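Take a look at the structure set out below.
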Amino acid sequence: MTPFFIADRNRKYTNFTAKIITILISIITIIGLITYRIRETNETTKPQPEVVNPAMVAVTALGRIEPEGEVIQVFPPASTESARIQQLWVKQGDWVKAGQALAMLDNYPRRLAAVKTAQEDVKVAQAQLMQVQAGAKQGDLQAQQAEIARLVAELQNAQVEESRYRSLYTEGAISASQYDRQRLQMQAAQRQVNQARASLNSLAEVRPVDVHLYQAQIRQARAKVVQAQAELDLSVVRSPRSGQILKVHTFPGEMVGSQGILNLGNTTQMVVVAEIYETDIHKVRFGQIATITSPSLSQPLSGTISQLGLEISKPNVSDINSSTNIDTRVMEVRIRLNPESSRIVAAMTNLNVDVSIGLEQ
């Protein structure tokens, strides 16, 4: 009996221990779940740290190099008819001053002849005025005076005859008609003398109206000289400002085309025209430092922003390696290169470059 009792007691003890272990495991599991839920709730309510994007330190853009004041295309005056170059007095690389003659058009000889003709017309008008102011020729005056003397002699003879006929008529020796005929002859002689004397006075007189007429003709002739000279000046193409000849497009014997005669620029000071995306415009300020690079340059260039554009437009400088939307809009910003950088690119007008404009942190 005793062994059975001991075995039964051991079996009961084992069952009790298993139940205790099961209960403990359940309690531990419940406590773990509760702890996990509490921790999850706390993490959910905890404020998340803000993600800080790295600040932009520079604005990048494409650009091109050109002389300060832009490149000027020199054309003949707009009023000039189809122009052909007759002489070209400059070549690529030459330095010229403002107003210096660059080329002569083929209409120059014809316009020069027009100037000389107008100048001769002035001389003719001046000579005519001098002639009027001098009055009639001395020979003409003497001839008229001789004519007057002859007519006066005839008048005197007619007066003598008229006096004799009047006496005869008074005595009844002749008829009234005979006397009247002689009297009319005397009166006709008197009129001829009067007309001759009036002609002499006219020859000797310098009329103000004649002087004014020829003075007006002189003024008109001089105005034509001024006009002809102005047209002649248009046949010589002059430099609009000082600078260097960058490229010659038209040579002697050629018609001036759409590119003009030549390109002119002040390469003593070079600038970079950067095309800033419209989304970056608000970040760019006057005086900011810019760095310019290009595979064609042995070293980076440096400059400062000297001018901000006033218009948004399509870009002129394209990046062949870029897939940028064709609707991109930009604003042109001018960067004045420092003296050393300007000297390096003095012969690199229109070179495409990459621009990086530093921003304040």
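In table form, for the structure just shown:
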| quantity | calculated |
| --- | --- |
| Cβ-Cβ under 8 Å pairs, at least 6 apart or on other chains, the range 322-339 side at negative phi and modelled with pLDDT under 85, far side surrounded by 14 or more Cβ atoms within 10 Å (Cβ to Cβ) and in a loop (DSSP other than H, G, I, E, B) | T328/P315 |
| Residues of the range 293-317 satisfying the condition of being surrounded by 13 or more Cβ atoms within 10 Å (Cβ to Cβ) and more than 20 Å from E278 (Cα to Cα) | T293, S294, L297, P300, L301, S302, G303 |
| In the range 234-251, residue surrounded by the most Cβ atoms within 10 Å (Cβ to Cβ) [restricted to those that are outside any strand (DSSP E or B) and in contact with a helix residue (DSSP H, G or I) (Cβ under 9 Å, 6 or more places away or on another chain)] | S235 |
| Qualifying residue in the range 161-182 (condition: over 30 Å from R110 (Cα atoms), touching a Gly at 6+ places or on another chain (Cβ under 8 Å) and outside any helix (DSSP H, G or I)) | no |
| Filtered residues of the range 90-132 (kept if loosely packed, with under 12 Cβ neighbours inside 10 Å, in contact with a Lys or Arg (Cβ under 6 Å, 6 or more places away or on another chain) and hydrophobic (A, V, I, L, M, F, W, C)) | A98 |
| Residue count, the range 310-321 (criterion: of a type in the set (A, V, I, L, M) and at pLDDT 85 or above) | 2 |
| Residue match in the range 263-277 (condition: surrounded by 18 or more Cβ atoms within 10 Å (Cβ to Cβ), assigned by TED's automatic domain parsing to the domain that holds R334, touching a His at 6+ places or on another chain (Cβ under 8 Å) and assigned to a strand (DSSP E or B)) | yes |
| Strands (runs of 3 or more DSSP E) lying entirely in the range 56-118 (those with 2 or more residues that are under 30 Å from I357 (Cβ atoms) and in contact (Cβ under 8 Å) with a residue 60 or more places away in the chain) | 58-74 |
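Matching residues to (1) of a type in the set (G, A, S); (2) under 23 Å from the mean Cα position of the chain (by Cα):
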site	(1), (2)
V248	no, yes
I261	no, yes
V272	no, yes
R285	no, no
S302	yes, no
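The values are calculated or read from the model by the stated rules, or taken from the named source; none is laboratory data. It should be emphasised that the depicted structure is a prediction, and the values quoted were computed from it without experimental measurement. Heads up, the Cβs are rebuilt from the backbone with ideal geometry, glycines too, and the neighbour counts pull from every protein chain shown.
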